[in-house]
1. Is there a residue being modelled with pLDDT of 95 or more, in contact with a helix residue (DSSP H, G or I) (Cβ under 8 Å, 6 or more places away or on another chain) and under 15 Å from residue 8 (Cβ atoms) anywhere in region 141-162?
2. Select, from 113, 120, the only residue that is within 22 Å of the chain's Cα centre (by Cα) and modelled with pLDDT under 95.
3. Count, please, the residues in region 224-255 that happen to be at pLDDT 95 or above and either within 22 Å of residue 213 (Cα to Cα) or assigned to a helix (DSSP H, G or I) (or both).
4. In region 10-30, is there at least one residue being over 19 Å from the mean Cα position of the chain (by Cα), surrounded by fewer than 17 Cβ atoms within 10 Å (Cβ to Cβ) and not in a strand (DSSP E or B)?
5. Do the conditions hold for residue 267, that is, is it in contact (Cβ under 8 Å) with a residue 24 or more places away in the chain, assigned to a loop (DSSP other than H, G, I, E, B) and surrounded by fewer than 17 Cβ atoms within 10 Å (Cβ to Cβ)?
6. Go through region 335-358 and count every residue that is assigned to a loop (DSSP other than H, G, I, E, B) and surrounded by 16 or more Cβ atoms within 10 Å (Cβ to Cβ).
7. Got at least one residue in region 274-292 being modelled with pLDDT under 95, assigned to a helix (DSSP H, G or I) and farther than 14 Å from residue 332 by Cβ?
8. If I filter region 324-334 for residues that are within 26 Å of the chain's Cα centre (by Cα), assigned to a helix (DSSP H, G or I), surrounded by fewer than 17 Cβ atoms within 10 Å (Cβ to Cβ) and in the same structural domain as residue 299 (by TED's automatic domain parsing), do I get at least one hit?
């Protein structure tokens, strides 16, 4: 496999999230391939602590939106890039890009990469335009939806750059969780208990299933500010015995293996990675037809896409799956095959290295 030398990952976010997970796992894989690897991160951050056991040289930096105006920090980065002969640097956030791309350009770094990991529009700004045009050489998008939202205002610039849509990687187990139907069927949902994730709509779906006399349990993993409101909705609709709030669940692999169907009523998604996690253990999935969901859910193949906010249609498709074990198994296998083709860890890393070597 062709690969660049002296890769620097640049992520100063102090907490742990999807972008941090991507950077950390990419660094892990680089180390496994014996690629010299460097990391700019914030001291004592989640990333810094997780990187500690790896043979990765860390450079600690605290970055704000205005840090690019600080010549001391910029020059310190220039020295770091130059002294370590960095050939490739990969950014994940706009604030990091502003200071880091400026320093990388001054240091003569050959490949300057901006990875965009959320399907949110990038507003037109002079500084962003200048960075995209004059500094960034490669763009990575975590979905087609994310790519289209960046192209909305920067299509002409992106047309001159190297681009790649690269889904987040999943490490598939040798023996993926197969479907062992529960009695009753367990419907799973996972996400922060916030308006965006739409769990109150899920309670409406549960209410419709219950009124039809369909046996089921619904397990909702996650915590957040809407928990009291969701719990009240469960009680008011007499669903206490059927809908269970599990709180924060650390072991999502086990959670996914113990359910039969995974559902998402999110009203928008940066990228519905949790859908892919469910497919990786052969679970059929249901989600609204919005954001990047259609890139993951092939309607009628590995699950169902539902018109947004249509809880009646959602309940109908869910009832169909609850009553058809053969369909659940068929869709679960189709989902696993899709994840194997588009998310498998080594394949995704190979695509990344090939892209960076162009």
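The values are calculated or read from the model by the stated rules, or taken from the named source; none is laboratory data. Everything numeric here is computed off the predicted structure, so don't read it as measured data. Note that we place each Cβ from the backbone using ideal geometry, even for glycine, and neighbour counts take in every protein chain shown.
1. no
2. On the way: 113 fails: modelled with pLDDT under 95.
Result of the check over 113, 120: 120.
3. Residues flagged as at pLDDT 95 or above and either within 22 Å of residue 213 (Cα to Cα) or assigned to a helix (DSSP H, G or I) (or both) within region 224-255 amount to 19.
4. Pass one, region 10-30, residues over 19 Å from the mean Cα position of the chain (by Cα): 30.
Now restrict to residues that are surrounded by fewer than 17 Cβ atoms within 10 Å (Cβ to Cβ): none.
For region 10-30, residues over 19 Å from the mean Cα position of the chain (by Cα), surrounded by fewer than 17 Cβ atoms within 10 Å (Cβ to Cβ) and not in a strand (DSSP E or B): absent.
5. Working: in contact (Cβ under 8 Å) with a residue 24 or more places away in the chain: yes; assigned to a loop (DSSP other than H, G, I, E, B): yes; surrounded by fewer than 17 Cβ atoms within 10 Å (Cβ to Cβ): yes.
So residue 267 fits the description; yes.
6. First, the residues of region 335-358 that are assigned to a loop (DSSP other than H, G, I, E, B): 343, 357-358.
Now restrict to residues that are surrounded by 16 or more Cβ atoms within 10 Å (Cβ to Cβ): 343.
Total meeting the criteria: 1.
7. yes
8. Taking region 324-334 as the starting set, the residues that turn out to be within 26 Å of the chain's Cα centre (by Cα) are 328-334.
From the residues that got through so far, the ones that are assigned to a helix (DSSP H, G or I) too are 328-334.
Filter once more, so that each one left must be surrounded by fewer than 17 Cβ atoms within 10 Å (Cβ to Cβ): 329-330.
Checking the rest, the ones that are also in the same structural domain as residue 299 (by TED's automatic domain parsing) come to 329-330.
There is at least one residue in region 324-334 that is within 26 Å of the chain's Cα centre (by Cα), assigned to a helix (DSSP H, G or I), surrounded by fewer than 17 Cβ atoms within 10 Å (Cβ to Cβ) and in the same structural domain as residue 299 (by TED's automatic domain parsing).
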